[in-house]
Amino acid sequence: MKRLFFITLLLSLMLPTVGLRAQNHQDATISLVDESLTYDIIYKWGFINKVAGHATLSLRNDGDLYRASLYGQNAPWANSIYKLRDTLYTTMTKQGLYPVKYVYIAHEEGKYKKDIVDFTRSGNEFSAECIRYKRKGDSGPMSSSTIHLEAEGMTVDMLSSFFYLRTLDFENMKKGESITVNIFSGTKKEKLKITYKGLGKVNVNGENLPSYMINFTFTRKGKQSSAPIAGWISADSRRIPLKVEGQLPVGKVRAVYTGPNP
């Protein structure tokens, strides 16, 4: 289910924008509007092509900060196979999109996990204190652990990372060009590599839409920790994530944009 979790996260690539400017990240100032977007998580294997879950992505302005959340859950029919409820929160600065605090809460197969990551930045150096709470069952004891993480260069969390992508100048990127950032994902330090695959079209709800095509890979300690994940982002000023797709051991899973949350 780790790959499904990554795909749900990748829904937050970019929310609709006001006054988006393609520029150097150090100088980037992007205006994000308060928004809630919804997605279907679809499982495909052979003749099976069924909605297996739903996700809602929200963003709110708060002074000099942005506060975002992502909530994903199974469709009722899938609960008998694997019960999944994931919620993520991030707080990030408007100037530079630097993460301030990240929280990940997971309820999976009766297990509970909560990660709280508090970030500190000094120039190009990033550090974080990460606390993890775990419980194996509804009535089991709660345990906790703490770890300190450090990295040099742009560092993000699993949710704020996708807002950072909005600073990329896709129109002027060459096919095959890539960038890599650090990610503090709970108690782990990983690398996220984003590779631009060119301009194309993607079918979303029966409509072929112009899109920027991107691949994502995660690595940890020099080894790839996730199979490549494909993403399609609308090639307009709104930069909406239209579709994200990845392989599972059996079949594939994709997330498809269904519109704003009323």
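In region 37-50, the residues that are closer than 15 Å to Ala255 by Cα and assigned to a strand (DSSP E or B) form Cβ pairs under 7 Å with partners that are among the polar types (S, T, N, Q) and modelled with pLDDT of 85 or more, at six or more places apart or across chains, as follows: Thr38/Thr56; Thr38/Thr258; Tyr39/Thr258; Asp40/Thr258. Checking region 170-177 against the condition returns no match, with no residue being within 25 Å of Ser58 (Cα to Cα), of a type in the set (D, E, K, R) and modelled with pLDDT of 90 or more. When residues of region 139-169 are filtered for being touching a residue at least 24 places away in the same chain (Cβ under 8 Å) and either part of a strand (DSSP E or B) or in contact with a Leu (Cβ under 8 Å, 6 or more places away or on another chain) (or both), how many remain? Here the count works out to 18. Of all residue pairs spaced 6 or more apart or on separate chains, those with beta-carbon atoms under 7 Å, a first member in region 180-209 that is in contact (Cβ under 8 Å) with a residue 60 or more places away in the chain and a second member that is in a strand (DSSP E or B) and open to solvent by 20 Å² or more (accessible area, probe 1.4 Å) are Gly186/Arg132; Thr187/Arg132; Thr187/Ile147. So in region 88-106, with the set limited to residues that are crowded, with 16+ Cβ neighbours inside 10 Å, assigned to a strand (DSSP E or B) and not aliphatic (A, V, I, L, M), which one is modelled with the lowest pLDDT? Among those residues, the one meeting the criterion is Tyr104.
Table: residues versus (1) surrounded by fewer than 18 Cβ atoms within 10 Å (Cβ to Cβ); (2) in contact with a strand residue (DSSP E or B) (Cβ under 7 Å, 6 or more places away or on another chain); (3) among the hydroxyl-bearing types (Ser, Thr, Tyr).
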site	(1), (2), (3)
Ser178	yes, yes, yes
Ile183	no, yes, no
Val204	yes, yes, no
Arg220	yes, yes, no
Pro241	no, yes, no
Val250	yes, yes, no
Thr258	yes, yes, yes
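The values are calculated or read from the model by the stated rules, or taken from the named source; none is laboratory data. Here the structure is a predicted model, which means the values were calculated and not measured. Quick reminder, even Gly has a Cβ in these numbers, built from the backbone with ideal geometry, and neighbours come from all protein chains shown. The area values use the complete protein model at the heavy-atom level, side chains included, leaving out ligands, DNA and RNA. Shrake-Rupley method; radii C 1.70, N 1.55, O 1.52, S 1.80 Å.
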